[in-house]
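The values are calculated or read from the model by the stated rules, or taken from the named source; none is laboratory data. Everything numeric here is computed off the predicted structure, so don't read it as measured data. Virtual Cβ from ideal backbone geometry, glycine too; neighbours counted across all protein chains shown. The accessibility values were calculated without ligands, DNA or RNA, using every heavy atom of the protein model including side chains. Shrake-Rupley method; radii C 1.70, N 1.55, O 1.52, S 1.80 Å.
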Amino acid sequence: MISVINSEWYKLRKSKVLFLLLAAPLVGIFIGLANSFIAIEGMNAWYEKLVTMNFTYAILFLPLISGVLAGVICRYEHQEGGWKQLLALPVTRGKVFLSKYLVLIFLVLAMQLMYLVSIYLVGVIDGITDPFPMEIVWKTIIGGWMATFPLIALQLWVSIAFKSFAAPFAINVIFTLPTILVINSERFGPYYPWGQPFLMMNVGGSAGDFFFVPWDQILMVIGGSFLLFFIGGYLYFQRKAV
């Protein structure tokens, strides 16, 4: 398993994926600096920055870039019979699928950590002197990361199914763009997979819940959709003709 993960990492190093990971944090810095805040007496100034930066980052860039990463990690196998060459090695299909998924979630975690740094840099540049709310920030970073688990599973499934890089990216865009409308719906918002990163990074959510959303929503929506997409993708790859 370790050797398969190392192989995936070696292939990614040959691509421009490391520069891609910097895209979202850089966008976060731009958004944070472009939106000046009005200090409200008694309110930590960092919260305003978190709200403005998390809104665009979690709704658009986090799900979109995770989808691009999924397409990149399957790019080599779709070229010149790469799947046949890979599966001809003494490695099971299950390990290949799991290794790709693990690499993806750790790449997204790395992007989340760089985004955390961008939040801090924006506050320092803007001269915010209030205490840095580390506990709240960590909740948004880890919560947003966990919310991508089912999306990454689905995006990996689609990237394996389609040889064209444009097809899975287009599907991801189609479901990401309506997020801003869906999350405003009390009926559909809590159950929309593409809206979960924002809901779990929204510091304006319920403060009484650990990740700003109820635990039953985490278990049912994120946990349930993760099992559906991961098992579906796993079974599809087991039966995929190469």
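Ignoring everything except DSSP H segments at least 4 long, calculate the 222 nm mean residue ellipticity for the chain; use -39,500 (n - 2.57) per segment, divide by total residues, nearest 500.
Details: 12 runs with 157 residues, N = 242.
It lands at -20500 deg cm²/dmol.
I need the phi-derived Karplus couplings for the range 229-239: 6.51 cos²θ - 1.76 cosθ + 1.60, θ = phi - 60°, integer Hz, Gly and Pro marked x.
6, 5, 5, x, x, 4, 5, 4, 5, 5, 9
For the chain, give the percent of accessible area contributed by carbon and sulfur heavy atoms, probe 1.4 Å, rounded to a whole number. The partial results should precede the final answer.
Numbers: 8410 of 12020 Å².
With neighbouring chains kept in place, the figure for the chain is 70 percent.
Taking trypsin sites (Lys or Arg not before Pro) as exposed when DSSP calls them loop (any state but H, G, I, E, B) and at most 10 other Cβ atoms lie within 10 Å, what is the longest stretch of the chain free of them, the sites themselves excluded?
Values: sites that count: Lys14, Lys16, Arg187.
Counting only loop sites that pass the neighbour cut-off, the longest clear stretch is 17-186.
Taking GluC sites (Glu not before Pro) as candidate sites, keep only those in a DSSP loop with at most 11 other Cβ atoms within 10 Å, then name the longest stretch of the chain containing none of them. Could the numbers behind the result be given before it?
Details: sites that count: Glu41, Glu80, Glu186.
Between the exposed loop sites, the longest stretch runs 81-185.
Using Cα atoms only, what is the angle between the long axis of helix 45-56 and the major principal axis of the chain, expressed in degrees (0 to 90) to the nearest 10?
40
Which of the chymotrypsin sites (Phe, Trp or Tyr not before Pro) found in the range 143-242 are in a DSSP loop and have at most 14 neighbouring Cβ atoms, other than their own, within 10 Å? Present the calculation step by step, with values, prior to reporting the outcome.
Numbers: sites: Trp145, Trp157, Phe162, Phe165, Phe169, Phe175, Phe188, Tyr191, Trp194, Phe198, Phe210, Phe211, Phe212, Trp215, Phe226, Phe229, Phe230, Tyr234, Tyr236, Phe237; in loops: Phe162, Phe165, Phe188, Phe210, Phe211, Phe212.
Taking the range 143-242 and a limit of 14 other Cβ atoms within 10 Å, the loop chymotrypsin sites (Phe, Trp or Tyr not before Pro) found are Phe188, Phe210.
Once phi is turned into θ = phi - 60°, what whole-Hz ³J(HN,Hα) does the Karplus curve with 6.51, -1.76 and 1.60 give for every residue of the range 214-223, x standing for Gly and Pro?
These are the phi-based 3J(HN,Hα) values: x, 5, 5, 5, 5, 5, 6, 7, 6, x Hz.
Using a 1.4 angstrom probe, figure out how much accessible area the chain has per residue, in square angstrom, rounded to the nearest whole.
Details: 12020 Å² over 242 residues.
In whole numbers, the chain has 50 Å² accessible per residue.
Treat every Asp and Glu Cβ in the range 93-220 as -1 and every Lys and Arg Cβ as +1, leave all other atoms uncharged, and give the resulting dipole magnitude about the Cα centre to the nearest 20 debye. Kindly include the intermediate steps, with their values, before the conclusion.
Working: 6 positive and 6 negative charges, 159 e Å.
Charge dipole of the range 93-220: 760 debye, to the nearest 20.
In nanometres, what is the gap between the two model label sites at Leu102 and Ser3, each 7 Å from Cα along Cα-to-Cβ?
Each label point is offset 7 Å from its Cα along the Cβ direction, giving 1.5 nm.
Projecting each Cα onto the charge dipole of the range 65-150 (Lys/Arg +1, Asp/Glu -1 at the beta carbon, about the Cα centre), which of Gly67, Gly144, Ile125 comes out farthest on the positive side?
Farthest along the dipole direction, towards plus: Gly67.
List nothing, just return the count: lysine pairs in the chain, 8 or more apart or interchain, with Cα separation under 18 Å.
15
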